[in-house]
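One structure is given here, and the rest of the page talks about it.
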Amino acid sequence: MDAIIKKLRLKFTLSTALLAGIILFVLAVGFCVSLYVSTEITAANTLDEVLDNPSTKVTDDVGRKCFAFICGDDAMASVPDVYMDEVTSYGPNLAGKILYSARAEGDGKFTVGDNYFRVESRAIGDGKTLYAVLDRTADHNTLAWAAMLMTLIYITALIVVVLFFYIFSSRTLAPVSESFKKQRDLIANASHELKTPLTVISTNLSVMKSEPQSTVEENAKWVEAIDAQIQRMNGLIVNMLQLSRMENTELVKTDLDFSEIVEGACLSFDAVCFEKGVSLISDITPDIHVSGDRDSLERLVSCLLDNATKYCGEDGKIGLKLTADKKVRLHIMNTGTVISDEDAKHVFDRFYRTDGARSNPDNNSFGLGLSIAQATAYAHGGEITCRGVENKGTVFTVTLPLHRNNSRRDREKEKNSDGAN
């Protein structure tokens, strides 16, 4: 199972990293392209302005050098006085190369040494051509720096994303891991629970086969033992199906009178409590409604009452209280050995049995009842807790949401009460 979860984590990390990598790449490329387009547009505007006004010095908005020169058929270049300082700043040798390369290029980009330029030309008559030159060395360096920076940011961000998603995947896949663990434990525990009855059945059948001439009456005790084990296995299967239904099936919920359900469960356990010499004391607030499945909620209450009667002890007492404020609260307390804090943490785990008073005294329980009760509470949007009360006993508390109509009725009752007063 650990290997499967690890593979899932790797697949999750790689898929999310790939998606993040694509998004980051698009953003980085988009930034570089937008920067390049911006420099190209401003460069074109500056060159057009120089060509339109060759006798007036044009200053580039971002501080790049620009100048103009005129060249005729004799290949002699004439630089307007307003741009003489820009041309001479390159030095006589480099300036000559720049003018020659610009004339040779005509329209476009060219390089002279470590400098990058862009030139545009326009015919002005008499065989002469006006050239406008822009030094784009700063643009080239900025774009190169931006590309390197974006690459560094991209690689760093990708590494951070991979690490983040790999760490985050453990939390994301935690429910999957927990599901695998529950499935594995369920199979292991169910196999263990089924092993004993199957062994008993097999042994009894072997005894019966060893005496083929015996009658049914003579084999009655073996048949009864087999039947008892079959009933035990059937109970286990029914419990497992109920648990699976609660955890994996969407319940069809209706408006239910939970007070009526709890009162009915108490009535059905009166005889059981009387036989065991246990007192059942109930305090049920009437007309409390919840939204849920009747059969499931009846099993929930019956399970908790059955659990309380099993571990109540001789001449013990069971207290049941149903109230409602913002939520429905059902408390069921039984006297007897107080459950420990450690056992209370695990009492709802599948197949869990404590070593003390809650250790399955009748050997007819599988440790699934409280798991089903918890799954039922969760399926209805509620929760269930267990705690020990020193020198008193053990309390199970079920919390469920009120049905909306029930909340409305409570508000109307409060208004009527206030009006009467």
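The values are calculated or read from the model by the stated rules, or taken from the named source; none is laboratory data. Nothing here was measured: the structure is a model prediction, and the numbers come from that model. FYI the Cβ positions are ideal-geometry reconstructions off the backbone, even for glycines, and counts take in every protein chain you see. Side chains included, ligands, DNA and RNA excluded: accessible areas come from the protein's heavy atoms. Shrake-Rupley method; radii C 1.70, N 1.55, O 1.52, S 1.80 Å.
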How about region 67-78: which of its residues are at pLDDT below 90 and open to solvent by 20 Å² or more (accessible area, probe 1.4 Å)?
-> ASP73, ASP74, ALA75, MET76, ALA77, SER78
Go through (1) part of a loop (DSSP other than H, G, I, E, B); (2) surrounded by fewer than 15 Cβ atoms within 10 Å (Cβ to Cβ) and name the single condition LYS57 misses.
-> (2)
Please find, within region 84-110, the residue that is least open to solvent (accessible area, probe 1.4 Å) out of those that are assigned to a loop (DSSP other than H, G, I, E, B) and within 17 Å of LEU47 (Cα to Cα).
-> GLY106
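Across region 111-136, what is the total count of residues that are over 23 Å from THR56 (Cα atoms) and open to solvent by 20 Å² or more (accessible area, probe 1.4 Å)?
Initial filter on region 111-136 (over 23 Å from THR56 (Cα atoms)): 111-116.
Next, only the ones that are open to solvent by 20 Å² or more (accessible area, probe 1.4 Å) stay: 111, 113-116.
Number satisfying all stated conditions: 5.
Filter region 246-294 for residues that are outside any strand (DSSP E or B) and open to solvent by 90 Å² or more (accessible area, probe 1.4 Å) and give the result. Outline the logic, then answer.
We begin by selecting, within region 246-294, every residue outside any strand (DSSP E or B); these are 246-253, 258-278, 285-288, 293-294.
Those that are outside any strand (DSSP E or B) and open to solvent by 90 Å² or more (accessible area, probe 1.4 Å): ASN248, GLU250, VAL252, GLU260, GLU263, LEU267, PHE274, GLU275, LYS276, PRO286.
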Options LEU19, LEU47, LEU51; residue that is under 30 Å from LEU158 (Cα atoms) and not basic (Lys, Arg) | LEU19
Picking from VAL207, VAL161, VAL200, the residue that is at negative phi, in contact with a Phe, Trp or Tyr (Cβ under 7 Å, 6 or more places away or on another chain) and touching a residue at least 12 places away in the same chain (Cβ under 8 Å) would be VAL207
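Kindly indicate the residue of region 208-241 that is part of a loop (DSSP other than H, G, I, E, B) and not hydroxyl-bearing (Ser, Thr, Tyr) and also farthest from ARG299 (Cα to Cα) among those meeting that condition.
Result: GLN213.
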